[in-house]
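Reading through the structure tokens given below for one structure.
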Amino acid sequence: MHDLQANTRNLDRHDQAARRLDFSEIPQVDIAGLRGGDPAAAAAVGAALAEAMETVGFVYVTGHGMPGSQLDATFEAMARYFERPEAEKAGLDIHKLARHRGYVPFEGLHADPHEGGADLQEAFELGLELPADDPDYLAGNMMYGPNVWPERPAEFRPVLSSYLDGVHAIGRLLFHGIALGLGLPKDWFDDKIGKPMIQLRAIHYPQQPPREVDGRHIGIGAHSDYECFTILAASQPGLQVRNRRGEWIDAPPLPGAFIINIGDCMERWTNGRLVSTVHRVINRSGAERYSLAFFFGADYEATIECLPTCQGPDNPPKYPPVKAGDWTTSNIKAAYTYRASEDARR
């Protein structure tokens, strides 16, 4: 059973040599069949997604419907934001806001809590856009409520908001595909993601020359994601995936594709059938690296317990039920310094 307070797996971050493999080592699936009205086409996509997620845990997806121009515009808006003065960005520092929104400065995240070094990145956190009178927000729920937005650059809010809406819609399609691949009705997850804990993390990784790479201080340390799944886009290579032999495999961006990976919550939900795979980022690209990590979690009050098609007499549930909100917030507390500093003040 995973420890809710320390979910990240303890791996050796000091072994930085990645073996470069063909892209086919990470499967590629065209999900256009989920966007039409053909049940057979949708079922075929579901089966392909399930196979990739059972064997690798990572998959490139095409046919998602988002134009490349939208992604380019989003990276451009991010670059202009992260170029702003530090004092300006600090106005929306997540440590001041004390909820999961806003600017995360360098040293603000330790994705691998088993190592002493902070991750070499800065980021901006967005979530499901809700009104200021949302009852969960008013009750102090850190995962819900309105987003905060920088005033400059002016295009940051409309561009990032549009991207957030687009990738959210793609994520709902993927939930349909996953359900079909698991032998469930297409809409099985729909009532568990009515008010989901979605998080869009817009990330800037500075250049890190090889001679300066320290295994305790890389772009993001070895970890597995803790939500249901992640939809990732990146401007430069740097992502590495740990295979079952313990080797680090490069997973560079593929034009026109998102990288999808299963998170720990979905691994629990499927009784280990879908695999949450450990990964990390080292930016040796020679350029500034920007990435958009969209984490799709279930509703805060949703119960994560073994799916009916993922258990049987010879395959009993491996994990006890857990409330999705407890799972997510406990993992955030273990990784983000703003949560640790808040707890210390109490």
Length gained if residue 25 through residue 130 is fully extended, taking 0.36 nm per residue and subtracting the Cα-Cα distance, is 33.8 nm
For residue 107 and residue 154, extending 7 Å from Cα along the Cα-Cβ vector and measuring point to point gives, in nm, a value of 3.6 nm
Which option, (i) 20.4; (ii) 23.7; (iii) 21.2, is the value of Kirkwood radius over Cα pairs in Å that was calculated from these coordinates? (i)
What number, rounded to the nearest 500 deg cm²/dmol, is the helix-based mean residue ellipticity at 222 nm of the chain, given -39500 (n - 2.57) per DSSP H run of at least four residues and division by all its residues? -8500 deg cm²/dmol
Please identify the DSSP H helices in the chain that span no less than 18 Å along the helix axis (Cα) and have a mean Kyte-Doolittle hydropathy of 0.0 or more. 39-55, 156-181
For 319, 60, ascending order of other Cβ atoms within 10 Å (fewest first) is 319, 60
Per 0.36 nm of contour for each residue apart, how much would the distance between residue 244 and residue 311 grow if the chain were fully extended, relative to their Cα-Cα spacing? 21.8 nm
Stretch gain in nm, segment residue 40-residue 139, where the contour uses 0.36 nm per residue and the Cα spacing is subtracted: 31.2 nm
For a footprinting-style exposure proxy, rank 84, 245, 201 by other Cβ within 10 Å, fewest first. 245, 84, 201
Only bridges whose two residues both fall in the chain count here: according to DSSP, what percent of them are antiparallel, nearest 5? 90 percent
Rg/Rg_globular for region 114-177, with Rg_globular taken as 2.2 N^0.38 Å and Rg from C-alpha atoms: 1.43
In what sequence do 148, 61, 56, 29 fall when counting other Cβ within 10 Å, fewest first? 148, 56, 29, 61
Quick check on my link table: of 89/323; 96/192; 89/195; 89/333, which ones sit more than 26 Å apart, alpha carbon to alpha carbon? 89/323; 96/192; 89/195
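FYI, it's all coordinate maths here, none of it is from the lab. Not measured: the values here are computed from a predicted model. Note that each Cβ is placed from the backbone with ideal geometry, even for glycine, and that neighbours are counted across all protein chains shown.
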